[in-house]
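What follows is a single structure, and I will ask about it in a moment.
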Amino acid sequence: MSAQTAIEILDSMFDLFKQMGSGISLDLQWLEISRRLQQVRTEAVWSADLDFVAVQLKAHAAHYAATYQPHLGSEWIRVANAEKLDRVVEQYSILRAHLEQQRGGM
């Protein structure tokens with residue numbers, strides 16, 4: 001098991017977040033996030049904390065995918081979409097920080 005490999009897999013998700021921001025194929029993006037989180041789980045020393053954050057990440061990504069609205073020039077909708085995606089990225093950052101701690105402790 002390698003925390004470094006887990007971090008690399010997790011970092012590869014950042015492109016998915018960029019794609020989600022455009023609103024294209026959100027269900028497929030969410031499924032890919034779930035798949036990569038499973039890969040991270042096989043690489044890292046998994047704990048209840050990591051599990052909680054991973055579940056939060058998947059939940060926020062699913063919420064974003066389910067509630068995304070094309071903004072069609074509406075600043076309010078664009079901001080609402082961006083705030084939801086920011087929550088996804090926030091959970092990603094928390095998970096990455098946990099994995100960084102693992103890598104530093106090994």
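Which residue is surrounded by the fewest Cβ atoms within 10 Å (Cβ to Cβ), if the candidates are limited to region 48-62 and must be over 12 Å from the mean Cα position of the chain (by Cα) and without any contact (Cβ under 8 Å) to a residue 40 or more places away in the chain?
Within region 48-62, the match that is surrounded by the fewest Cβ atoms within 10 Å (Cβ to Cβ) is A48.
Filter region 75-89 down to the residues that are surrounded by 12 or more Cβ atoms within 10 Å (Cβ to Cβ) and free of Cβ contacts under 8 Å to residues at least 24 places away in the same chain, then identify the one that is nearest to A44 (Cα to Cα).
Ranking the candidates gives D86 first.
Can you tell me which residues in region 58-85 are in a helix (DSSP H, G or I) and more than 18 Å from S25 (Cα to Cα)?
E75, W76, I77, V79, A80, E83, listed by residue number.
Also, quick follow-up: Would you kindly identify the helices (runs of 4 or more DSSP H) lying entirely within region 1-56 that contain at least 3 residues that are polar (S, T, N, Q)?
Ranges flagged: 26-43.
Of the conditions (1) at pLDDT 90 or above; (2) surrounded by 15 or more Cβ atoms within 10 Å (Cβ to Cβ); (3) farther than 24 Å from S2 by Cα, H71 satisfies every one except a single condition; which number is it?
Of the numbered conditions (1) at pLDDT 90 or above; (2) surrounded by 15 or more Cβ atoms within 10 Å (Cβ to Cβ); (3) farther than 24 Å from S2 by Cα, the odd one out for H71 is (1).
The values are calculated or read from the model by the stated rules, or taken from the named source; none is laboratory data. Note that the structure is predicted; figures quoted are calculated from it, not measured. All Cβ positions, glycine included, derive from the backbone under ideal geometry; neighbour counts span all protein chains shown.
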